[in-house]
Amino acid sequence: MMIGRLLIVSNRLPVSVVKRVNDLHFQPSAGGLATGLSSCGEAHQSQWIGWPGIAADKISQPEKRQISNTLKKQNCRCVFLSAKDIQDFYRGFCNKTIWPLFHYFPLYTVYEDRYWQAYKRVNEAFRDAIVKVVEPDDYIWIHDYHLMLLPELLRSKLPKAQIGFFLHIPFPSFEMFRLLPWRKEILKGLLGSDLIGFHTYDYVRHFLSSAARIAAAEHSMGTLVTGNRVVKVDAFPMGIDYDRYAGAVEDPKVKKIRTTTRKKVGDRKTVISIDRLDYTKGIIQRLEAFDLFLSQNPEYNGKVTLILVAVPSRTGVEDYKELRKQLEWLVGRVNGERGTIGWVPVWYLYCFLPFEKLIALYSAADVALVTPLRDGMNLIAKEFVATKTDGKGVLILSEMAGAASELGEAIIVNANNKQEIVDAIKEALEMPIEEQTERNRLMQSRLARYTVTRWGNDFLETLSDVKKTQEKLSVRKLTKPNRAKLVSEYNKSKKRLFLLDYDGTLVGFVGQPEKAGPDKKLGSLLKALASKPKNEVVIISGRGKEILNHWLGDTDASLIAEHGAWIKEKGSDWQVIEPLLNDWKDTIRPILELYSDRTPGSCVEEKDFSLVWHYRRADSELASLRLQELRDAVLNFTENLDIGVFEGSKILEIKNIGVSKGHAAERWLAKSKWDFILAAGDDYTDEDMFSILPETAYSVKVGYGISKARFNVESACELRLLLEELVKT
Ligand code: G6P
């Protein structure tokens, strides 16, 4: 499927460098992204581009070289960050702005322009590092919230590149996202990708909703069209390297650590809790719940131990320092109040666990308590289940973790509900072995199927499919040679017909329909085009005749209003194309008015032979709901009439079935033996016109998407440039 290499791009490389005294130490990075992706990268011929975790200005040039060379051997390319970047970009914008906001902690969120400037600067530095190494067939896969501007930054340098983006944290609901002062820029940055992936469908929904409301990027089944590109948005729940975790349980080293741990715990039950020390993980709330459990169930005092591992993380950020203090105080309190000589209720470790120790702990534990307040996915939950090869062990999982949508057989809890966690701990400790096994087997078979390799392949295959769709669309692009041919045929021809739609075709789409009048330049362009003796210009619009007259009456163009209900040939008066009935309007109008009142920002337009409900200024989600209801309501009344209900760009139009731009255009086609025809339009109503044109005609769709037109141009602006060229020749 893939032809080129895979360039994995993330803020942190899978290896982090620390300097102790005078020596550099290379150690595995913590967190789901590094753990998960390491095994995914191995399956492809890949290069990893990212930050090695150390401040560039705190090390010497030879040390920098040593880091680059050592990591290069592991297929990693370094992007070095200065101490200032680490402060303002990493600790600042990434971990004091985006991280808390996207995890629904608005009160922890800091909005600081200095951080934003650093975010832009570092994203640009990543762009430059990629541009240096990328080859044309490479797939560029960008990861996580640190690099949300990078897709668009790369796109402007490498328009044809294959760019995927994956967010490993939640994408928040619109209500949260809209708080961000730089929300537009972030969306624009992400939309530079070809494929945007999230862990769950909820995050997809939230992203699409923000894209529609903030960036006016509407989607159809998760596919957005922005400019000349199709962008696909979808859910890909990240998996784990299942065999590695399940297989390690019998590793002699692991067995040894497990036996020692078991011996130390004695015949007590063990509950484990392992996370990066982060306020989103709900560690304090979890410990409080464990304390409550002990107080409500005195029979378990002395019989159960909580092994609480907190992996050091973002230690330079104040909220994390504060959390550590709070946690350590609480551990002390619980142990002091409840412990006895010979029983310490909470074993607290503040350290990074190497792989073998981690597996030993997972497999030794009876219960895992994974109760984040919010978590993009949470791979700890999946890893724990994978190590339960004998089927024994119970997972308690927060419904706020992305993993909860796949691990429904766990005991699912609301992480803010302490009593629910208390009850879950009791249920878990007393769950019959058969039930534990049954639940684990179901989860294991799912995890063994959708592994991290499958996840990676799935994402990259979808990216390749998006590219194919884009190629199909770009085949129709009015390329330079096609354009030159068009101009040359125009020059040779003697009888030329122009059928031009107005809104979205000659002028861009504007928020207020009444403000879409022609600018000076367009007025002169149409006048010049229509005044050429060999040219017949017809403006073929859905607009009413008065407004067309007002805007374009002083040109030599013929006008077609209301999609062909009215025509005004050059030099004559308006006439109705055929006798049309209008009595249906009195029934339909009140329905449209009712929907308009119930949908702020929408309005009803009455034309001579049609009624239109406009919703371009309404909230997009409400509008799409109302649109369905309204369509059904109107269809009930129009069933036995010659009336059709049509959906266009942000409108629902009810009109006589016989009226179409196709019919109107036929009239002009029949008028003469044209040796050059150019028809242009942007929406579904123009398709009727494209479909009746002879094969030799130049039909041009403005914008991208499926169409009967032979060619596409990107925008109204591009079409106008073409017309300007014709006028000049
Ligand atoms: C989460 C993020 C990762 C990040 C990891 C560790 O899992 O999604 O992108 O790398 O935390 O955080 P750190 O700040 O140490 O990179």
Restricted to the stretch 316-435, the DSSP antiparallel beta bridge percent, nearest 5, is 10 percent
Distance between Cα centroids, the stretch 127-176 to the stretch 265-341: provide it in whole Å.
-> 38 Å
Compactness of the stretch 461-556 as Cα Rg over 2.2 N^0.38 Å, two decimals = 1.41
Mind checking which lysines have their C-alpha under 26 Å from K58, skipping anything on the same chain fewer than 8 residues away?
-> K19, K72, K73, K84, K96, K120, K132, K321
Distance violations [Cα-Cα > 22 Å] among K303/K325; K472/K673; K263/K388; K160/K188 | K303/K325; K472/K673
What dipole magnitude, in Debye to the nearest 20, does the chain give about its Cα centre under +1 on Lys/Arg Cβ and -1 on Asp/Glu Cβ?
-> 2960 debye
Work out from phi, with θ = phi - 60° and the Karplus expression 6.51 cos²θ - 1.76 cosθ + 1.60, the ³J(HN,Hα) of each residue of the stretch 582-591, listed in order in whole Hz, and give x for Gly and Pro.
-> 10, 5, 5, 4, 5, 7, 7, 3, x, 5
Using only Cα atoms, tell me the angle between helix 433-449 and the longest principal axis of the chain; keep it within 0 to 90° and round to the nearest 10.
-> 50 degrees
Which pairs in the list K532/K661; K264/K357; K392/K426 are over 20 Å apart, alpha-carbon to alpha-carbon?
-> K532/K661
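Can you give the FRET efficiency to the nearest 0.05 for N491 and C717, using r as the Cβ-Cβ distance and R₀ = 25 Å?
Computed FRET efficiency for N491 and C717 comes out at 0.60.
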Equivalent ellipsoid semi-axes for the stretch 370-441, as square roots of 5 times the alpha carbon gyration tensor eigenvalues: give them largest first, rounded to whole Å.
-> 19, 15, 8
With θ set to phi - 60°, apply the Karplus curve 6.51 cos²θ - 1.76 cosθ + 1.60 along the stretch 555-564 and write out the HN-Hα couplings as whole Hz, x wherever there is a Gly or Pro.
-> 9, 8, 7, 7, 10, 10, 10, 6, 6, x
All-pairs alpha carbon distance profile, the chain, 20 Å steps from 0, percent = 15, 38, 28, 15, 3, 0
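As a check on your grasp of the helix formula, calculate [θ] at 222 nm for the chain: sum -39500 (n - 2.57) over DSSP H runs of n ≥ 4, divide by the residue count, round to the nearest 500.
Working: 25 runs with 308 residues, N = 729.
It lands at -13000 deg cm²/dmol.
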Each residue of the stretch 328-335 in turn: what ³J(HN,Hα) in whole Hz from Karplus with 6.51, -1.76, 1.60 and θ = phi - 60°, glycine and Pro shown as x?
-> 5, 5, 5, 4, x, 5, 4, 5
Of the residues A34, A633, G571, the Cα lying farthest along the dipole of the chain towards its positive end, which is defined by charges on the beta carbon of Lys, Arg, Asp and Glu, belongs to A34
Given backbone amide H placed at 1.01 Å from N, residues whose amide H is under 5 Å from that of L349, ignoring those fewer than 5 places away on the same chain, are L308, V309, A310
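Normalised by the residues of the chain, what does the relative contact order come to in percent, with Cα pairs under 8 Å and at least six apart? Present the calculation step by step, with values, prior to reporting the outcome.
Working: 1303 pairs, mean separation 70.1, N = 729.
Here the relative contact order equals 10 percent.
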Loop-located trypsin sites (Lys or Arg not before Pro) in the stretch 497-560, at most 11 other Cβ atoms within 10 Å (DSSP) | K534
Quarter of Cα convex hull surface for the stretch 665-729, i.e. mean projection, nm² | 4.7 nm²
Assuming R0 = 41 Å, what is the FRET efficiency of A83 and S405, from their Cβ-Cβ distance, to the nearest 0.05?
-> 0.55
Might you report the magnitude of the Cβ-based charge dipole of the stretch 612-729 about its Cα centre, with Lys and Arg at +1 and Asp and Glu at -1, to the nearest 20 debye?
-> 360 debye
Quick numbers on the stretch 314-386, Rg and Dmax over C-alpha atoms in Å, give 14.7, 40
What distance in nm separates the simple spin-label points at S691 and L625, each placed 7 Å from Cα in the Cβ direction?
-> 3.4 nm
Antiparallel bridge percentage (DSSP; both residues within the chain; nearest 5) = 30 percent
Taking the Cα centre of the stretch 162-320 as origin and charging only Cβ (+1 Lys, Arg; -1 Asp, Glu), how large is the dipole, in debye to the nearest 20?
-> 460 debye
So how much slack lies between E666 and T479, counting 0.36 nm per residue of separation and subtracting their Cα-Cα distance, in nm?
-> 64.5 nm
Let me know the Rg and Dmax you get for the stretch 125-251 when you use only its Cα atoms, in Å.
-> 16.2, 54
Just add up the charged neighbours of K545: K/R +1, D/E -1, any other residue whose Cβ is under 12 Å from the Cβ of K545.
-> -1
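All of the numbers you see were taken from the coordinates with simple rules; none came from a lab. This structure is a prediction, so every number in the text was calculated from the model and none was measured. As a convention, Cβ positions derive from the backbone with ideal geometry for all residues, glycine included, and neighbour counts pool all protein chains shown.
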